[in-house]
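FYI, it's all coordinate maths here, none of it is from the lab. Predicted model, so just to flag it, every value in this text is computed and none were measured.
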Amino acid sequence: MQILPLLFAVLLLMLRGEPGLSLTPGSPQDCERRGGFCSPRSCPPGISRIGLCSEQVFCCRSRWYS
């Protein structure tokens, strides 16, 4: 039972480095490379926010993107 907290901590460290889980400002080129597009206000309905193109511009991508 004492191994569970250790496994949880390792899992969190692994997920922290995953691209796409954080919303750090990137560039439009990074957004396009990830299969997304930049949207100035918010992402349209049915489209997920996957990052930032700049401070107020969101990087959006279809939920069905593969």
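Observations
- Seen through its C-alpha gyration tensor, with square-root eigenvalues sorted a ≥ b ≥ c, segment 26-66 comes out oblate because a/c lies at 1.5 or above while a/b is not bigger than b/c.
- Under Karplus coefficients 6.51, -1.76 and 1.60, residue-wise ³J(HN,Hα) of segment 41-56 in Hz, glycine/proline x: 9, 7, 7, x, x, x, 10, 8, 8, 10, x, 10, 8, 7, 4, 10
- Taking amide H positions as modeled 1.01 Å from N, with prolines and chain starts lacking one, the residues under 5 Å from CYS53 and 5 or more places away or on another chain are GLY26, PHE58, CYS59.
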